[in-house]
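First the structure, in the form of structure tokens, and then the observations on it.
The values are calculated or read from the model by the stated rules, or taken from the named source; none is laboratory data. Nothing here was measured: the structure is a model prediction, and the numbers come from that model. Note that each Cβ is placed from the backbone with ideal geometry, even for glycine, and that neighbours are counted across all protein chains shown. The accessibility values were calculated without ligands, DNA or RNA, using every heavy atom of the protein model including side chains. Shrake-Rupley method; radii C 1.70, N 1.55, O 1.52, S 1.80 Å.
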Amino acid sequence: MQRIVDRRASAQTSGWFNRAAATLARGTEIALVRFPVASLGFIAIAILSNMEVAGHDFDRIDDLLWLIGALYCGAVAAVSATLAGEARDWRDLPIQLAALGVATLLAAVVYFGGRAENHLPALTPALTLLVPLAPFLGRGGPVRFWTFTLWSFVGAALAFLSVLLFVVGLSAIFEMVRFLFDIGLSATDYEHIYVTAFTLVGPLFALGRLPRSFEDRPAFAEDRLVSGVRLLISWVAIPLALTTALVLHLYAVKIALAGRLPQNAVGWIVTFDAFLVLALRIAAEPFLATGGLPSRLFAKSWGVILIVPLILAAIGIWQRIAAEGVTLERYYVALAILAAVIVLACQLVPRLAGDIRLMALVPIALVGLSAIGPWGAASVSGDSQTARIVAEFATRVPGSDQLALRPSKEQHAQRVTRLESRLGALADADRLGDLAPYLDHDLAARLMTALRNDPGDAYALLVDSLHIDTSTWVKARPRGFVALKGTEIATGGYDRAVLARVVIPGVDESKDDNGDAIAGMTFALEGGDLVASRGTTVIHFPIKKAIDELPDQLFDEPAQVITPPVLDLIAQDGKRLRIVLRRVAQSDSGQINYLEFDAFFRSADWS
């Protein structure tokens, strides 16, 4: 009986699935015909994403991310170029040539144009939001732009909702097949389905839902969706915005009475308020003249209610930047304030006042510009933090005018925290390489190598080399050292090596993270002994005594100037083990609580 019910459910699901698949196919076909250049870009993105899922060995994952980002920027720019050409009644061939040229140029600039000068998370949303605005730059009118934008967003939302339902239904069918016939797909197969759906089918279907007409106006009486939007904006969103403005003005009165700005995130609060007010002003355009009391009040006061919060935010962000420099977060808070000020200033020009296209264009243009050039977020943040690091922490090289950033033996907590915070801001902006001219030659070379091969390791390298690591390991070690200087080690007749081993008391080092036994020699700490095990042979080597005999200055030197010490340990039975220490941490009582080393031994001693 259960099997019959399952088959009926499967048949119903299959019918719905067939209809959804047909709808997606029609939308995809429209996109391929109307936006061929953009469609090729999304096809390339889907192929690359599926190659990554399949385990293709890309040289650098960072290159793959930038390639996908460049393809997306080119594809979205091609959509904007196509819509702009259609709105101006261009012929199909010039439209597609323009789309191809714009897509190729922008994708090349993004991928090859100097990634330290680009901030991809800003460029991609700016280009995406430009799509509904592009057909109305220099033509059309605010109401036509509003209508086109509404149906563009509705179409995109429906497209991705349809794709979501499609893949859910497809997964349900495959699971029914697995249950009924014991045949199923692997997890990787499902991943390929989801990746293809959201990188190819969803975008193409969304393109297929973009309106073809650029002259439509909202139909208030006939269109239920427009009526619903009007109700939501006029009686829900606008009252909330007015209430928020009242709260912020009361807050400004409190600050004026107190005589000082609080140390909190007032900038982000005002940024959100400015975004809300401007977005509502755009969304409410068709309803302001004939709306209810809240709409009419908002139409007259939306600019005025922004002035005091913007002044408050400008003072706050100026104080933070003056004290701590520019970071990505502070840059975008200041950018949001600037965008709002420009929009308000445009309202003083009769020809520009009330044009929602300008209200949308100003923040989009500023966000796009923040992704490139010396005025961009990455460049400004990097220059600001680099200058402050050099001014606060660099020292003059004896006998020259050059400043150098070197580790200090005086590890004050405030200094460490401040420098680590500034390095984090540089890493967020992808500008750690700016410090290379102020580092010792060896550390600068290793930094640039890390930035080329694995940028995630560059920050850890600087933190470790400059002695500003505030991790749990460093905080827990009253005495210890890290040895990073390269060296040559004599093997002395040893024919086996065990590399990069870490031993911590109480941690079973004989098994890996999956619980599987580690092949070869394993180590453990017992009291003052390093216990080495290989097969059935277990030997104790007195390591604490050897570490205690190391010179005291070894524990005070910077990591990059310490040559890893070599210890020749001898067990009671005369067997030997050569240890090359990389990292050591001891407690107040002298107990070893962290040990990282390479080991060399003779296989004959363990047979």
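Annotations
- Residue match in the range 63-76 (condition: farther than 20 Å from S39 by Cα and among the aromatic types (F, W, Y)): no
- Qualifying residue in the range 126-135 (condition: at negative phi and modelled with pLDDT under 90): no
- Leading residue by the ranking (farthest from A197 (Cα to Cα)) among those in the range 55-75 that are of a type in the set (A, V, I, L, M) and open to solvent by 30 Å² or more (accessible area, probe 1.4 Å): I61
- Listed by first and then second residue, the pairs with beta-carbon distance under 9 Å, at least 6 apart or on different chains, first residue in the range 438-452 and touching a residue at least 60 places away in the same chain (Cβ under 8 Å) and assigned to a helix (DSSP H, G or I), second exposed (fewer than 14 other Cβ atoms within 10 Å of the Cβ) and of a type in the set (D, E, K, R), are D442/K485.
- Each residue in the range 422-452 was checked for being of a type outside the set (A, V, I, L, M, F, W, C) and over 22 Å from T327 (Cβ atoms), and 6 of them qualify.
- Subset of the range 545-577 (residues that are open to solvent by 60 Å² or more (accessible area, probe 1.4 Å) and either without any contact (Cβ under 8 Å) to a residue 24 or more places away in the chain or not in a loop (DSSP other than H, G, I, E, B) (or both)): K545, D548, E549, P551, D552, Q553, V561, V566, D568, I570, R576
- Filter result for G138 (at negative phi and surrounded by fewer than 22 Cβ atoms within 10 Å (Cβ to Cβ)): no
- Hey, V226 within 29 Å of G55 (Cα to Cα) and open to solvent by less than 80 Å² (accessible area, probe 1.4 Å) or not: no
Yes/no per residue for (1) within 28 Å of the chain's Cα centre (by Cα); (2) free of Cβ contacts under 8 Å to residues at least 12 places away in the same chain:
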position	(1), (2)
D273	yes, no
A279	yes, yes
S295	no, no
L306	no, no
P309	no, no
A314	yes, no
L335	yes, no
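- Extreme residue, modelled with the lowest pLDDT, among residues of the range 206-223 that are open to solvent by less than 30 Å² (accessible area, probe 1.4 Å) and in contact with a Lys or Arg (Cβ under 9 Å, 6 or more places away or on another chain): P218
- Scope the range 158-206; condition among the polar types (S, T, N, Q) and over 21 Å from A38 (Cβ atoms); matching residues: S171, S186, T188
- Residue ranges of helices (runs of 4 or more DSSP H) in the range 282-370 with at least 3 members closer than 30 Å to L257 by Cα and open to solvent by less than 20 Å² (accessible area, probe 1.4 Å): 304-324, 328-346
- For A444, the conditions (1) modelled with pLDDT under 85; (2) open to solvent by less than 50 Å² (accessible area, probe 1.4 Å); (3) not β-branched (V, I, T) are fulfilled apart from (1).
- Only one of T82, T104 that is farther than 18 Å from I364 by Cα, touching a residue at least 24 places away in the same chain (Cβ under 8 Å) and surrounded by 20 or more Cβ atoms within 10 Å (Cβ to Cβ): T82
- The range 37-54, residues that are open to solvent by 50 Å² or more (accessible area, probe 1.4 Å) and either in contact (Cβ under 8 Å) with a residue 40 or more places away in the chain or farther than 20 Å from A197 by Cβ (or both): I43, A54
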